[in-house]
Each structure stands twice: as structure tokens, then as C-alpha cells.
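Engineer: Sharing a structure below in C-alpha cells format, with a few things to ask.
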Amino acid sequence: MSSGATVTPPKKTATKPAILLEKIATNFWLRTIVKKVFIVWVVVTLTFFIIRALPGNPVEIMVMSLMDSGLSSEEAYTRAASLLRIDLNAPLSEQYLDYMSNLLKGDLGDSYVLAINKPVTTLIAQRLPWTLFSVGTSLLISFVIGMFLGTLAAYRRNSLLDHALTNFGAAIESIPNTLTAIVLVLLLGVTWKVVPLNFMRGSLSPGIKPGFTVEFLIDLFKHYAVPGTVYVFSTLGGWMLAMRSSTISTLGDDYVTVARARGLPDLRIITAYVGRNASLPLITSLAISLGFVVGGSILIEYIFVYQGIGLLLSQAIGKRDYPVMQGILLVTTITVILSTALADLLYGWLDPRIRITGGGE
Amino acid sequence: MGTTAPTRSETRSNQGNAFLRTFKLLARNKIGLLGLTVFLLMTLVSFVGPLVIPPETQAHVDQIYQPPSAAHPLGTDFQGREMWKMVIHGGRDVLIVAFLAGIITTLVAVTFGAVSAFFGGWVDSLMMAITDIWLTIPRFLLLVVVATLVRLENVWMLALFLAFFGWPGLARQIRSQVLSLKKREYVEAAQLLDLGSAHIIFREMLPNMMSYIVIAMINAMTSAIYSQTGLVFLGVVPFGNNWGVMFSLAYAKNAIYNPNAAASLLVPMGAIILFQISLVMLSRSLEEIFNPRLRRGV
Amino acid sequence: MNQVAQQPETLQRQNQTLRADAPSTAAPTLSVKGLTISYQAKRGAVQAVRNVSFEVQRGEALALIGESGSGKTTMGLGMVRLLPSTATVSQGQMLYQRQLDGQDTNRVDVLQLKGRDLRQFRWKECAMVFQAALNAFNPVLRISDQFGDTARAHSYLQGKDLAERARQLFELVRLDPERVWRSYPHELSGGMRQRVLIALGLLLEPQLLILDEPTTALDILTQRNIMDVLKELRQRLDFSLLFISHDLSLAAELADRVATMYAGKLVEISDVYTTFKNPVHPYTIGLINAVPTLTAHRDHVASIPGSPPDLIDLPRGCKFHPRCPLATERCREEEPELVPSTDDTHWVACWNWEIARSQLSAGQKGTSA
């Protein structure tokens, strides 16, 4: 897909900054980093303007709600400004600079409804690990199962199994994850009573402290099982279909035929020749889908009262707690972008055609 | 000039027949036919049904949470309203949003992807960079946050928003399609004849991508319903009666723990799932018909 | 299949006579008997190979020539049992003579091999250099790993010994061993990759090497280079060669014998000198006349009129008759079999080969020209 990574030898007459640009353009690792930093900047800026400049003007709404709690208009403005860490009377450009420098210092403002005067960073830091754990684990599980089933379908293509798998995959991909979650709660918890309902509410039983104890790990898993299944279920179809078509096209590649002619064992061909090449294009989608699944966590965590960032966001939305909303949006975006950077690096490591120039020459 | 004229008229007459031919092929494809039938039936019921059947505006306090029976074919909800009537009335808005979002998403994606691929060079690089950024951002979160700020009160606004957040993946696909079409002979010939970019894109390329675009539109509809369901469930889109609102309300009223109330939760959910699956069956069958390589897997 | 197997003696005798220029009296490395392969397509069965018999002697180079679509690549893939799943071998045998320490051991029918036996046969006994060798290597593994994979699959040398053996082979094919060994495929040019594949083909010292259009995708200088490498290898190593090509001049350089294929059937087989000087099948004559030579006058170069037949809907009788200047009523009705012509090393499938020899011989023009 992205085999177009071409190497152009640096021109001899180039000036110093030009050489730097050239290096960034040709060096895979540098290029990745610059791109990611740029995306983060875009999102940060976008968020700022969404909060400040959209028709619903959240700052105004915030001031109104503060006034409802008994503050005078002036007090409310000062309060909102201090919560958001922005001087609301300053020109927009100055506000933007303040906002950026606060961000660089890691200050995202304070919550004002959900947890009064608590820094948003603290709130997020408590919740983010839960979401990363549940979403990350599920995504890996579904990726692995999807790769396996996709390969199976591709190897047995046009068989009954293939048709069953692909139609199933396409169908579950289209069912909204909310519905999947509700159906699972209904079936497992209410109708069949396989999973006690208290394992479908919250992320830990009361009284259990996080730590490397067996008790904690078992409880963690019990609370994770059903929401985890929902995440796996709603992403599995996509991986399966993608892996299937990627494998089918790889199977047609000459080197696979040659590998067979070389008498290599089937297992070696499936893993190192077909599997490794077929999964390359999926690595990039893995990171992108992380954003999608984290987005979906807002619904799933709401249903399962799972103490992650998605639940925090749905609570913040319910209470219109803008500093929290803004903070979550930023932090999740940055997390997702970091993981795409990780995926890009992984891709470069797995595909030698991307790994180019740099120190070698 | 004389050499291109017959080609074009040929394309056009092909297009006329293409619709019929596609339908015939679809009729032979069991899954596709089933998908199409369910899709048409649900659309018909959702649009015509409300004209025939009066809406349930009154609560019937004595009929709350009746399980399905002869008197209440699909049971009743928390206000004692007939579920079957609710379902018939609850489809229209969902479908309109899906259609509109599907069309707008496809329009944006086709324009973006085609322009990007066709002009290439820095235009392409820039447009693809924008697409990539948009793809990377957790769009659903952004959508939710924005939805709290901008009141998505009517179907148009909601459709526009869904499209605004949904186009980048499709634009990438369209771009690679155009790139491969660009290398075909008839496009190269048109370029040599200097027929102009607009002519080449709209007259030579798009007709050859129609099947692909139709499939893309159906897929865009599927994701529009997906996101819409989530937004409604979170309560950020204020709507009257629709499938999403129905099951969200039932869920909020804890219908999940009440066996008698199960119908009020499951019926609207079933409607959404059924419609989604009919769309998937339809788009997969069309893909099989238009891309026989998929079927034979060569 | 049984039918063929039941009469080994008669076939054996026929095969003995088929030999031309055979270097030894040992059994042939490969003898193909009555091989018939067809593909399942929507419109019907594609008859890619029809009742083909030939053999490759020990140390001999046999060239299989024909236009694209004549079934020669199907033959090659069939030889290592890598036909696509839509293909069926409806008839025939492919007898391969195993050897141990230079002594003949048992003979196996390649078509009957299964599982582990088949895997061991591939590359260890018969290696194949493919047409599209540019993509013959897994792009994500180093050349050294791909040699290692092959060696491990056949319990061959490992580690330092393998590297040493590869170094020798790289030198044989005129590659810089240090550079190639640690490279990824994309770091090598097309010609280099092709030579690496030839070296890999020779790694396990197979008795039979199949070259399927080994130079097609390469530029003319690289092509030259590969041909020189192959000729040198033939002199220095002991293996049989099946060279599949549409290019007569390349076949002439490398082959001891030439077999011409048309519409899935062998139409002429003889030693290389006879094929070029005294071909007797109108198709072979046409092919040779289509090759420009330095000495021939420019307008002596002629192409064969018409195009190869549709392999799903073959014409009745001789499959070449619609394009043949000598076609008679008999050619339109009955298909000729491969029989000895001028002597018993030169076989042809043509009713009118004697007329063809006198009227169409190379250099003079047929009526069609």
C-alpha cells in the first residue's frame, strides 16, 4: 500500500535548512514524528476553537450555570476564566497562546461540576488506565482472532465456512455496539443468569484494591469480561474481512508460489510468507481503530458503569462540564495519535521497504 | 472527436441497461434479493405506514409493559403504547438521516477523493494529509462533544454532521479507485485529446465507478445509523419518536430487568439490526456482482 | 492413467527411440507420458496441455518453445505440482528417476506424490526459476533467511556451512556474496534477484532445473548476462535443464534438444541443430522465419498469420490448420500424432511434413509471406 517510499539522494547544493527538510522528508522515523506532532497541534487548536467559538458558546453556558449557583455575573466570569485557565477579556489570539502554554505545562484546568475544583488532569489520570486496559486488550484479542479467522476464510475461500464467516463478520460489524452491549447484558445477566449482574456494573468490586494480587486480577477480569466481549464483537468483523481480502491478494503473489515450489512447510508459508505480508496493511488500521473504539467506549462504559474515561466523558456531557470535556478530548486524541505513531514504527520495523536511509548511508 | 463520440454513447446506453441488468443479477443472488426485499419493505412501511396508521399519542396507564400477545402483537412500552405502531412511526427519521448522511458523505468523499487523485502532486499530498488527520482523530468523541454544543435538532443538521465526520475513509477508497482508473486507456485517451478535467472526471471516470459509489453509499448509510444510534443513546440529539429513542428510553427505564418490558427494548433494537443487516447483505451482494474477482477469489 | 501405466514396455521402447544426442544410457531423469491438463473456466474446459509425452535425459537441456498460451507454463507448473486449484490433470504420468550417490534408485510418478514426499521432491529434486522472478522473494525477509528457510525445509546445511555454500553459488552466478547475503530483496536489482533465484535453485543440488522464461522481464544486457551465467553453470555443474521460452534464439543457445508446443500439444521435437536447420512442421518453420537474423534480408522476416486458437473451443483436426499454408482436407478432419520423420530422433505431428520440408524450409518463404 505505502510502498511508494522513495529515496532521493540529497542534492549537493542544498542549504542547511533545506537539508534538514530533506532529511525529514526522507527519513521514515523523523517524518512520522513530525507528522504526529502536527496532528496533535491541529487537534489542540481545533478543540480550543470549538470550545470558544462554536455557536453554542460553552463559555457563556458555563458562566450562566455558575450564575445559577448564586454568583454574580462578574464573579461567574472570573470563576470561569480561572477554571478554564484563560483570561476571557483578552483578545482571542492571546487566549490561544495562554491555552497553548498551559497545555505544554500539562495544565488542563479544573472541573467545576463533576468534581468541584479538582484538576482535570487528576480526573483523567484516574480514569485513563481503565479505558486503555479494556480497549487495548480487547483490540488485541479481536485483532488476533480476526487475523486467524480471516486467514482461515481466505485459505478456504468460497467454501461454506468462508461464506458463513464473511457474512457473519459483515453483519456484526454493522450492529451498533450499544445494541450488542444491551443484548449481552440481557442474555448473560438477566435471561440465562450466567454472569452475575454486579460483574456488569463497575470495573472492580467494592473493597478490592488495585495491586498485583490474585484477588485483584480475578476481579479485574470478571468485570472486564462482558464489556471486553462487546469491544471484541464489534471490531472482530472488520479485522476478519480485512485480513481475508489481504490474504487472498497475498496468496496470489509470486513469492508464495515460489515458497511452495521451494518445498517449505505449510506452517512456515502461512506465518512468515503469507501472514506477515498480509497483516502489514492491517497494522495501520489497528491504530486508527483504537480511536474508533475509544470513541465507542463512551457508550460501553456508560452501560457497564466501567470507571474509564468514556464514562467520565458521558458524565461530563450530562453536566456540561466543559473543562473536563475539553481535557478528555485532548488526552484521548493524543493517546490515539501516540498509538498510531507506535503502529507506524511497528510497521517500519516489520516492513524493511519502509525502513530507509538514515544512519545507514 | 469522432472517435470518442461512439464510446460515450455506448457508455450511456450501458448505463441505462446497467440498472436493469444489475437488478436481474441481484434477483438471482439469494442473499442480495433478501437484503433488497427487507430494505424496501422496511422503507415502505416506515414512510407509508405513518400515513395509514394513526400515531400513539396517548398513554394507556392500564396497559403498561404488556408482553406480546394477540391483543398487543409486539407488546406495549412504559406508557402502555402499542409497540407495533411505535415501530412503524419510529423508522422514518432514522431512515431519512441515513439516506441524507449516506448521500452527503458519498458526495463529499467522491469529490475529495476524485480531485485528490486526479490532480496528484502537492494537491494530492495536502488533501490526503487532511484526510489522514481526520481519520486519526477519535471522531466519535469529537462528534459527541460538538453535538452538546450545536443543537442537532433537525434531520438535515444531524445528517450533515454525520457526513462531516464520516467522509475520510471513503475518500481514501475513492481516491485509489480513481488512481487505478486513471491508468486505463480510455482515460488516457481523453487526456491526450485534452477534453478537460471536469469532462474526464464526470463523463469518463464517474460512470465507470457508479457501482463502486453505490456500494460506498450503502456502507455510508450503515455507519450513519451506527453513529446515530450512539448519539441518541447518549441523549445528545433531541428527537421525537424513533427507533433509537425508543430503545434508549426503554433502557433508561430499566426495561432490561423486567421480563414483561423486554419487548419494548428488543423490538426497536431488532428493527435497527434488521435494517443494518439488510443494508449489509445488499452491499455485499452488489460487490459480488460488480466485482466477480471477489467471488472467484482469483 | 492406468491405460498408460499398463504398457510400460512399449512406451519404454518408444522413449528409447525418442532420444537424441543422449549423453548416457541411464534412464532419463524425467519422462512425461500422455500428460493432459485442463482448467475449469466459466465457458468450459480450457485444454491447456493435451497428451504430451517427452523426456529429459540426464544432464540434458531441453527447450520447450511456443507462443504464449501454448501451455508451456502450465507444463512447468505441473512439473512441481503447483497448478492452480481450477486445473485438473486428467491423464498422464510424470516419471522421475531418483538418484543416490550417482546411482539410479527408484522411479516415482510425480503426479502421485503427496504431503511430505511432494514437499521433499520440490526444490531438492526439481527446482524451478519462475517467469516473474522479480517478486519471487518474500519482501520482508533477508536473502539469508530465505536460503535458511529452504535449507531447513530439506534438512540441508545450516549456519556457517550454509553461508559458505551460498557464497560459492553467488560467485558462480557472478554476484557479490557479501552484499547479497544480508540484503532484502528490494535492495537488489531485477537481474540480481534473478541470479539469486538461480543460485537458490541450485542450493540443494537438484537433478532437474526448470527455467520458465527466466529472462523475460529483464533488459537486454541483463538478459545476456543471465544467459552467460546459465551456459557457464551448465558446463560446470551436472544437472538436467528444462528451458521454457518463447524466444527461439535463447533456446538455441542453451538447449540440446528443442520441443515445439502449439495449442497444448507437442508438434515437433528434435535436436537443436535439426530444429533450426531442417524443421519440418509448418509451425516451427513459421516460428523460425519470424526470427530476424543478422544475415537474413529484412523482408525475409515473416510472422505467422492468424492467432493461436481458443483453447476452450479448439478447431477440429490439426489445431494449426487454420493458420497453415499447407492445410488439406485431412488436416481439417484428423489430428496428426507425434511420429518419427526424417530419422527416429526427429519427431513431428503433421500429415504433410514432407511437403512442408521441401516447400517451406527455413529461409525460403511460404505461400503466406
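Engineer: If you take the square roots of the eigenvalues of the alpha-carbon gyration tensor of region C:60-163 and sort them as a ≥ b ≥ c, do you get rounded (a/c under 1.5), prolate (a/b over b/c) or oblate?
Structural biologist: Judged from the Cα gyration tensor, region C:60-163 comes out oblate (a/c at least 1.5, b/c at or above a/b).
Engineer: Please work out the Kirkwood hydrodynamic radius for the protein assembly as shown, using every pair of different C-alpha atoms, and report it in angstroms with one decimal place.
Structural biologist: So the Kirkwood estimate lands at 33.8 Å.
Engineer: Under Stokes-Einstein, with the Kirkwood radius over Cα pairs standing in for Rh, what whole-number D in µm²/s applies to region A:213-361 at 20 °C and 1.002 mPa s?
Structural biologist: Estimated via Stokes-Einstein, D reaches 115 µm²/s.
Engineer: Quick one: helix A:322-350 against the long Cα principal axis of chain A, what's the angle to the nearest 10°, folded into 0 to 90?
Structural biologist: Taking Cα atoms only, the helix is inclined about 20 degrees.
Engineer: Going by a 1.4 Å probe on protein heavy atoms, which residues of region A:186-201 end up with at least 10 Å² less accessible surface in the whole assembly than in their chain alone?
Structural biologist: Buried on complex formation: A:L186, A:V190, A:L197, A:R201.
Engineer: In whole Å, what is the distance between the alpha-carbon centres of region B:231-275 and region A:100-143?
Structural biologist: Their Cα centres are 30 Å away from one another.
Engineer: Let me ask something else about it. If one computes the Cα centroid of region A:223-238 and of region A:270-296, what distance in Å separates the two points?
Structural biologist: Going from one Cα centre to the other spans 17 Å.
Engineer: Take the alpha carbon atoms of region B:74-147, find their center, do the same for region B:176-192, and report the distance between the two centers in whole angstrom.
Structural biologist: 29
Engineer: A follow-up question, please. If packing is taken as the average count of other Cβ atoms within 10 Å, what order do A:313-320, C:326-333 fall into, highest mean first?
Structural biologist: Top to bottom by mean Cβ count within 10 Å: A:313-320, C:326-333.
Engineer: Let me ask something else about it. D for chain C, whole µm²/s, Stokes-Einstein with Kirkwood Rh over alpha-carbon pairs at 25 °C and 0.890 mPa s: what number?
Structural biologist: The estimated diffusion coefficient comes to 114 µm²/s.
Engineer: At a cut-off of 30 Å², which residues of region B:195-239 become less accessible once all protein chains are present than in their chain alone, using a 1.4 Å probe?
Structural biologist: The answer is B:Y226, B:F233, B:L234.
Engineer: Average partner chain C-beta neighbours within 10 Å, per residue of A:248-260?
Structural biologist: 6
Engineer: Shifting gears a bit: Per q in 0.24, 0.28, 0.32 Å⁻¹, report the Debye log10 I(q)/I(0) for region A:115-155, using one uniform scatterer on each alpha carbon and no solvent.
Structural biologist: -0.77, -0.86, -0.95
Engineer: Between A:D107, A:D254, A:D321, find the one with the highest GNM mean-square fluctuation for chain A; connect C-alpha pairs within less than 10 Å.
Structural biologist: Ranking A:D107, A:D254, A:D321 by mean-square fluctuation puts A:D254 first.
Engineer: Right, next: Can you give the accessible area buried between chains A and C, summed over both chains, with a 1.4 Å probe, in Å² to the nearest 100?
Structural biologist: Chain pair A/C: roughly 2000 Å² of buried accessible area.
Engineer: Just to be sure I understand: if you take the accessible area of chain B alone plus chain A alone and subtract the pair, with a 1.4 Å probe, what total do you get in Å², rounded to 100?
Structural biologist: The contact between A and B buries close to 4300 Å².
Engineer: Counting only other chains, what is the mean number of Cβ atoms within 10 angstrom of the Cβ of each residue in peptide B:265-276? Mind showing how you got there, number by number?
Structural biologist: Numbers: counts 4, 4, 0, 1, 8, 2, 0, 5, 7, 0, 1, 6.
What the average comes to for B:265-276 is 3.
Engineer: Please compute the per residue accessible area over the protein assembly as shown with all protein chains in place, 1.4 Å probe, rounded to a whole number of Å².
Structural biologist: Working: 46610 Å² over 1028 residues.
Here the per-residue accessible area is 45 Å².
Engineer: A follow-up question, please. Pick out which of B:R184, B:R284, B:R139 has the largest mean-square fluctuation in a Gaussian network model of chain B, springs linking Cα atoms closer than 10 Å.
Structural biologist: B:R184
Engineer: Please give the helix A:214-251 orientation as an angle from the longest Cα principal axis of chain A, in degrees from 0 to 90, rounded to the nearest 10.
Structural biologist: Compared with the principal axis, the helix lies near 50 degrees.
Engineer: Let me ask another. State which entries of A:K118/A:K319; C:K124/C:K231; C:K42/C:K114; C:K42/C:K72; C:K231/C:K277 exceed 19 angstrom in Cα-Cα distance in the structure shown.
Structural biologist: From the list (A:K118/A:K319; C:K124/C:K231; C:K42/C:K114; C:K42/C:K72; C:K231/C:K277), the Cα-Cα distance tops 19 Å for C:K124/C:K231; C:K42/C:K114; C:K42/C:K72; C:K231/C:K277.
Engineer: Same structure, new question: Among A:66-74, A:263-271, A:162-170, how do they line up from the highest to the lowest mean number of other beta-carbon atoms within 10 Å?
Structural biologist: On the way: A:66-74: 12.3, A:263-271: 16.1, A:162-170: 17.8.
Packing order, densest peptide first, comes out as A:162-170, A:263-271, A:66-74.
Engineer: Sticking with the crude label model, points 7 Å out along Cα→Cβ, report the distance from C:L118 to C:D313 in nm, one decimal please.
Structural biologist: 3.4
Engineer: Highest GNM mean-square fluctuation, chain A, Cα pairs closer than 10 Å: which of A:R262, A:R276, A:R201?
Structural biologist: Sorting by GNM fluctuation, first place goes to A:R262.
Engineer: Let me ask something else about it. In whole percent, how big is the carbon plus sulfur part of the accessible area of the protein assembly as shown, probe 1.4 Å, protein atoms only?
Structural biologist: Result for the protein assembly as shown: 60 percent of the exposed heavy-atom area is carbon or sulfur.
Engineer: Taking chain C as the reference, fit the longest principal axis to its C-alpha atoms, fit the long axis of helix C:220-236 to the helix C-alpha atoms, and give the angle between the two in degrees, 0 to 90, nearest 10.
Structural biologist: 80
Engineer: Using a 10 Å cut-off on Cβ to Cβ distances, tally the other chain neighbours for every residue of C:163-171 and report the average as a whole number.
Structural biologist: The per-residue average across the peptide is 0.
Engineer: Then there is this: Can you sort C:W347, A:W130, A:W349 by solvent-accessible area, 1.4 Å probe, largest first? Working shown, then result.
Structural biologist: Details: C:W347 15, A:W130 50, A:W349 165 Å².
Accessible-area ranking of C:W347, A:W130, A:W349, largest first: A:W349, A:W130, C:W347.
Engineer: Relative to the Cα centre, what is the charge dipole magnitude of the protein assembly as shown, using +1 at the beta carbon of each Lys and Arg, -1 at the beta carbon of each Asp and Glu, and rounding to the nearest 20 debye?
Structural biologist: Working: 91 positive and 78 negative charges, 79 e Å.
Magnitude of the dipole: close to 380 debye.
Engineer: If a/c stays under 1.5 just call it rounded; otherwise compare a/b with b/c (prolate if a/b is bigger, oblate if not). Do that for chain B, with a ≥ b ≥ c from the square roots of the Cα gyration tensor eigenvalues.
Structural biologist: prolate
Engineer: Now for a different question. Using a 1.4 angstrom probe with every protein chain in place, what is the largest-first accessible-area order of A:S289, A:S111?
Structural biologist: Heavy-atom accessible area, descending, gives A:S289, A:S111.
Engineer: Something else: Rounded, prolate or oblate, given the Cα gyration tensor of chain A, with a/c below 1.5 counting as rounded?
Structural biologist: Oblate, since a/c reaches 1.5 and b/c is not below a/b.
The values are calculated or read from the model by the stated rules, or taken from the named source; none is laboratory data. Owing to the predicted nature of the structure, the values given are computational and were not obtained by experimental measurement. In this analysis, Cβ positions are derived from the backbone assuming ideal geometry, glycine residues included, and neighbour counts consider all displayed protein chains. Just the protein is used for accessible areas: all its heavy atoms, side chains included, with ligands, DNA and RNA removed. Shrake-Rupley method; radii C 1.70, N 1.55, O 1.52, S 1.80 Å.
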